Amino acid sequence: MDIENRKSKTSRIREWFKRKNKRADAYQWNEVSDDSEDDSLDDDLVRSLEIDPCIFTNELRIFVGTWNVAGRSPVGSLAVDVNEWLNLRDAADMYVLGFQEIVPLKTKNVIGVEDPTEATNWNLLIGKTLNDKYGCPWLTPMLNPISSENYHFVRFPGFGRRASFSGHSGFTGPELSKAQHEGEAYGGSKYKLMASKKMVGVFISVWMKKEFLTKYCISDVKVSSVACGIMGYLGNKGSVSVSMSIEGTSFCFIAAHLASGEKRGDEGRRNHQVSEIFRRTSFPRSSEDDDNPHPITILGHDRIFWFGDLNYRLYQDNILAKEFIKKQDWKALQEFDQLRKELEDGGVFEGWREGNIEFAPTYKYSSANCNRYTAGLPGRSGEKQRTPAWCDRILWYGKGVRQLSYFRSESKFSDHRPVSALFSIPIEVMKVTNPRKVFPTGTFLPMPSGKLEPIDSKGGARSTLLSLISKESVKGIGSLP
């Protein structure tokens, strides 16, 4: 009963902050009587803190990338290509990477049991690339594949209640001890894996700077997958998505692989799959969630990014398309782009945006001559002739999103070129503007452990309280770092 009462008080304080945050007037603590209404009672619980919270806006730099790797496994020599793709000279705060065809789309892979091997190999390569440059690769965390049905949080020591993770570290026993030792020697890894999800060949991997896990309140990390390939329900085509909240802003990242084909009418199948992904993607609440409401659907989020091999082609024949490519007249070539037409006509992506495309089509390159498109080359066994197209795209939806760059990389690893975009996104952070106050005796503060701890008789703070006052970021009293 005592635990339940404490949780109730913590929840009430958090709800009080949420209500106060929505008010336009300045925050004022007024004297109240014992027979006040619930809102005033909550004021009384927090009034003694004498903290004046204000909302500040910080900029978050998010790198979004997509790459169809044509069923090939990552190899050691690919690290150079990944480094170039991730553009580490201009490092981002978050890396959100979507892959397609990380396994060949053969029958046994489509209808068989999911094998995590390739997803693990890609995560290892990504983590090594990010952290070799900035920290210790030993501390690159790995995740077991998860689904929306068995999602669970794992809280890492040292992060308190500021962040929650899906999956767990891949190190155990002696390996973990060695990782910790290396981390102490070299300062630890700079980026941590937040979430990862694989469905057949579609794969998403989300990484964040380690410092952000204590700087911001990161919560409700969830994953979802939608299979809409063969017969409308097999996973050779579809999407994997990650939902998460950073402070008061909710994010959704959708990595997709849509239906192929360049015949007229094939774009209709792609449009239908987009509609199915919107309809069937969900992030249901679980017992691990905090008290804050979290979006369940894609469009319920504040900032949304949709990327992948969307497979939209050109309404143009190969000869004329190659003439525009030779002249590098991207604006003229985009007049025939199917996805551009959908965006302009308000089709399945009504209200969505894409940056200016100022690079060559990313598909389809010859495996025999990686600098040339397959269209127009002499026929070869097993190699399809395709008109060049911008199949690999990055779209976004939501206010305040600013795209800083949109480009393709030149890796010849597959018949697609990887595509990337860097975004600047504002996030609202609650901070303390008047923290130097004395807390009266009897005040109970929710600590990072979840317990309500009383202030001592001198009105000062215990060791944990000192750390609370020194912190500026606050996401509701119940989630203080």
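Only protein heavy atoms count here; on that basis, with a 1.4 Å probe, LEU124 has an accessible area of about 90 Å². Put simply, the amide H of SER250, placed in the peptide plane, has neighbours under 5 Å in ASP302, ARG303, leaving out anything fewer than 5 places away on its chain.
Net length available on complete extension from ASP345 to GLU84 is 90.4 nm, with 0.36 nm assigned per residue and the Cα-Cα distance removed. Taking a point 7 Å from the Cα of SER424 along the Cα-to-Cβ direction, the residues of segment 60-78 with backbone N closer than 11 Å to it are 60-61.
Taken along the Cα-to-beta-carbon direction at a fixed 7 Å, the label points for ASN58 and ARG72 span 3.9 nm. Taking amide hydrogens as placed 1.01 Å from N in the peptide plane, the amide H of LEU60 sits under 5 Å from those of ILE425, ILE427, each at least 5 positions away in sequence or on another chain. Note on ASP302: accessible area approximately 60 square angstrom, rounded to 10, probe 1.4 Å, nucleic acids and ligands left out. Applying 1/(1 + (r/R0)^6) with R0 = 35 Å to the Cβ-Cβ distance of GLU211 and GLN385 gives a FRET efficiency near 0.10. Subtracting the Cα-Cα distance of SER405 and THR297 from 0.36 nm times their residue separation leaves 36.1 nm of extension gain. Given their separation in residues at 0.36 nm each and the Cα-Cα distance between them, GLN328 and SER286 gain 10.1 nm when the chain is fully extended. For segment 193-263, averaging the sequence separation of C-alpha pairs within contact (under 8 Å, six or more residues apart) and dividing by the residue count gives a relative contact order of 29 percent.
Nearest 0.05, what FRET efficiency do ARG372 and ASP132 give at R0 = 25 Å with Cβ-Cβ as r? Once rounded, the FRET efficiency stands at 0.15.
Each label was represented as a point 7 Å from its Cα along the Cα-to-Cβ direction; for LYS108 and ASN121 these points are 1.4 nm apart.
Divided by 2.2 N^0.38 Å, where N counts the residues, the Cα radius of gyration of segment 208-330 comes to 1.36. Distances between placed amide hydrogens fall under 5 Å for ASN236 paired with GLY229, ILE230, all partners being 5 or more residues away or on another chain. To check you understand DSSP bridge types, tell me what percent of the beta bridges within segment 212-322 (both residues inside) are antiparallel, rounded to 5. Percentage antiparallel, nearest 5: 70. When the surface is traced with a 1.4 Å probe over the full set of protein chains, LYS108 keeps roughly 150 Å² accessible. In terms of overall dimensions, the C-alpha atoms belonging to segment 386-434 reach 62, 20, 13 Å along their principal axes, ordered largest to smallest.
Paramagnetic label reach from ARG264 (point 7 Å along Cα→Cβ; backbone nitrogen cut-off under 17 Å): within segment 284-318, residues 313-318.
The values are calculated or read from the model by the stated rules, or taken from the named source; none is laboratory data. Just so it is clear, the structure is predicted and the values come from calculations on it, not from any experiment. Because the Cβ atoms are built from the backbone with ideal geometry, glycine has one as well, and the counts that use them run over all protein chains shown. All accessible areas refer to the heavy atoms of the entire protein, side chains included, with ligands and DNA or RNA removed. Shrake-Rupley method; radii C 1.70, N 1.55, O 1.52, S 1.80 Å.
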